[in-house]
Amino acid sequence: MNVRLQKNSGFTLTEVIISTVIMVLIIILISSIFLLSQKSIKSANTKAELIQNSRVALDLMSREIRQAKQIVTSLPIDDSNSQTVQHELVFQDGHDITQITYIRYYLSNSQLLKQTTAYYFDSDPNTYVHYNDVDAFGSPTPKSLDDDPAGKIIGEYFDGLNFYGQGNINIDLIMKKNGTQMKVKSLVNPRNI
């Protein structure tokens, strides 16, 4: 009697379990690497956006401050006392010499705003005067020259704005988005003052 043993082809339960565990570990490893790379890309994009916003804001502010005819805001010498550091800056625009106008940079919520204002006496609303001029009836009336009286949005994601310095003006920006915070400093020399 010849008994032939047939060899069962297939996997044992142990082999199936081991291969399933290995496959799950590989999937977990690949998904972790993917999620980590997505997080890094998002962080890099956030930093790039903050850098771009701060660069545009500083370029615009620096150009206009350099041409300023008069700085109206009283600035402290340095930032050693946080109580005296100014969070907005008002100055006389030096670009348009035909009219006397004033520019104000300030934060509202997380946006940097630029407001352009002119002053006039009620007796002659077409002639702009200095903000501190006085006529027989008193001080001049302010007039917003912007489409939106609150000002024009220059940038977003601003968490802080500080101005200080005598002669040269220091600008400190604090940018914040998605938990990422960045500080940027600049020094501007007003040439027309």
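Every residue, every condition in (1) surrounded by 12 or more Cβ atoms within 10 Å (Cβ to Cβ); (2) out of contact with any strand residue (DSSP E or B) (no Cβ under 7 Å at 6 or more places or on another chain); (3) assigned to a loop (DSSP other than H, G, I, E, B), yes or no:
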{"position": "Lys143", "(1), (2), (3)": "yes, no, no"}
{"position": "Asp146", "(1), (2), (3)": "yes, no, yes"}
{"position": "Ile154", "(1), (2), (3)": "yes, no, no"}
{"position": "Asn162", "(1), (2), (3)": "yes, no, no"}
{"position": "Ile174", "(1), (2), (3)": "yes, no, no"}
{"position": "Leu187", "(1), (2), (3)": "no, no, no"}
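Which one of these does Gly10 not meet: (1) of a type outside the set (Ser, Thr, Tyr); (2) part of a loop (DSSP other than H, G, I, E, B); (3) under 27 Å from the mean Cα position of the chain (by Cα)?
Looking at each condition in turn, Gly10 falls short on (3).
Filter the range 56-85 down to the residues that are touching a residue at least 60 places away in the same chain (Cβ under 8 Å), within 18 Å of the chain's Cα centre (by Cα) and either under 14 Å from Asp172 (Cα atoms) or exposed (fewer than 15 other Cβ atoms within 10 Å of the Cβ) (or both) and list them by number.
Scanning the range 56-85 gives Val56, Ala57, Leu58, Met61, Ser62.
Contact list please: Cβ distance under 6 Å, first residue in the range 165-193 and without any contact (Cβ under 8 Å) to a residue 40 or more places away in the chain, second residue among the polar types (S, T, N, Q) and exposed (fewer than 12 other Cβ atoms within 10 Å of the Cβ), pairs at least six apart or on different chains.
Qualifying pairs under 6 Å: Leu187/Asn168.
Can you say whether Gly179 is surrounded by 18 or more Cβ atoms within 10 Å (Cβ to Cβ), out of contact with any strand residue (DSSP E or B) (no Cβ under 7 Å at 6 or more places or on another chain) and modelled with pLDDT under 95, as far as the supplied structure shows?
Against the criterion (surrounded by 18 or more Cβ atoms within 10 Å (Cβ to Cβ), out of contact with any strand residue (DSSP E or B) (no Cβ under 7 Å at 6 or more places or on another chain) and modelled with pLDDT under 95), Gly179 does not qualify.
Consider the range 15-54. How many of its residues are within 30 Å of Lys185 (Cβ to Cβ), of a type outside the set (A, V, I, L, M) and without any contact (Cβ under 8 Å) to a residue 24 or more places away in the chain?
Total meeting the criteria: 4.
For the range 101-128, how many residues meet the condition of being more than 28 Å from Asn162 (Cα to Cα) and either in a strand (DSSP E or B) or free of Cβ contacts under 8 Å to residues at least 12 places away in the same chain (or both)?
7
The values are calculated or read from the model by the stated rules, or taken from the named source; none is laboratory data. These numbers come from a predicted model, not from an experiment. Reconstructed Cβ throughout: ideal geometry from the backbone, glycine too, with neighbour counts over all protein chains shown.
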